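Worksheet for the structure shown next.
The values are calculated or read from the model by the stated rules, or taken from the named source; none is laboratory data. Just so you know, these numbers come straight off a predicted model, no measurement behind them. No Cβ is skipped: glycine too gets one built from the backbone with ideal geometry, and neighbour counts run over all protein chains shown. Note: areas computed on protein heavy atoms with side chains; ligands, DNA, RNA excluded. Shrake-Rupley method; radii C 1.70, N 1.55, O 1.52, S 1.80 Å.
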Amino acid sequence: MKDERDELGFREHHPFLRKKGMLVVISGFSGSGKGTLMKQLMQNYDYYSLSVSATTRAPRPGEEEGREYFFVSKERFMEMIQNGELLEYAKYVDNYYGTPKAYVEQEMAKGKDVILEIEMQGALKIKARYPESVLVFITPPTISELIDRLRKRGTETEEVIRKRLEKAAMEAEGIEAYDYILVNDNLDKTAKHLNYLIQDQHMRVRSQIEFLEHIRKELRANYASMNN
Ligand code: 5GP
């Protein structure tokens, strides 16, 4: 399917538009399919960087150190907090999760939009610290589909699934703090939609303060030279 917006080249349309990358927070219930969605986004577009979190959770079968997570001991995690190595962190179900700061800052400076796939408490900390960040909440089309996906994953016990659903019910109360909600009913479609949604944020006035200053300066210079 041809998509007109792909021809706009909307990341490059003015040399003075701010090139610094944006911080994008993606949250969603456990089982919302957000992990697969992130993989798709990374595959399709080269201007995103996915932040890899540190966690005290044990790796699931198939997960690799440094790819899904940096798997660390609780002692090492506490040390990371103490040393200010984390942009944010939270306890989720029985484990700690946190975003390493250095990678995020380095990628944003390169102009990449950095994606943090994190839960709600962390998302709120990011919004407080970086008001320009954009918060997107991903839901599956129905709750029965959510439960199905959790069961099909086959990596969690019924007790952990129960805890994750309980957590989801709590999280559902906080979705108003997010900027956008996206229903993940079709992987390709949702990935495209998410990309447009993020890229549009670059054109928000508050993301383009330097550009505004530039326009104002040029206007003043022209006005002054006409007066003389
Ligand atoms: P899982 O154990 O299923 O990989 O992740 C559990 C939850 O922790 C998910 O909601 C995931 O988005 C969140 N999470 C992963 N990394 C981080 C992080 O660095 N910070 C916070 N606050 N949450 C995270």
Q | For the chain, size of Cβ-based charge dipole, Lys and Arg +1, Asp and Glu -1, in debye | A | 340
**Q.** With DNA, RNA and ligands ignored, accessible area of Asp185 (1.4 Å probe; Å², nearest 10)
**A.** 90
Q: Taking amide H positions as placed in the peptide plane 1.01 Å from N, state which residues far from Ile181 in sequence (5 or more) or on other chains have amide H under 5 Å from it.
A: Phe137
**Q.** Mean accessible surface per residue for the chain, computed with a 1.4 Å probe while every protein chain stays in place, in Å²
**A.** 57
Q: Throw me the Rg/Rh for the range 69-178, computed over C-alpha atoms with Kirkwood Rh, two decimals.
A: 0.99
Q) Lys/Arg Cβ at +1, Asp/Glu Cβ at -1, dipole of the chain taken about the Cα centre: which of Met42, Tyr178, Asn227 is farthest positive-ward? A) Asn227
Q: Give the cross-link partners of Lys163 among the lysines, using a straight C-alpha distance below 22 Å as the criterion and excluding same-chain residues fewer than 8 apart.
A: Lys34, Lys74, Lys91, Lys152
Q.
Using each residue's phi in the range 143-152, evaluate 6.51 cos²θ - 1.76 cosθ + 1.60 at θ = phi - 60° and report the 3J(HN,Hα) Karplus result to the nearest Hz, with x for Gly and Pro.
A. 6, 5, 5, 4, 5, 4, 5, 5, 5, 5
Q) Under 5 Å between amide H atoms, partner at least 5 residues away or on a different chain: which partners does Ser53 have, H built in plane at 1.01 Å? A) Phe70
Q: Can you send over the carbon and sulfur percentage of the accessible area for the chain, probe radius 1.4 Å, protein chains only?
A: 55
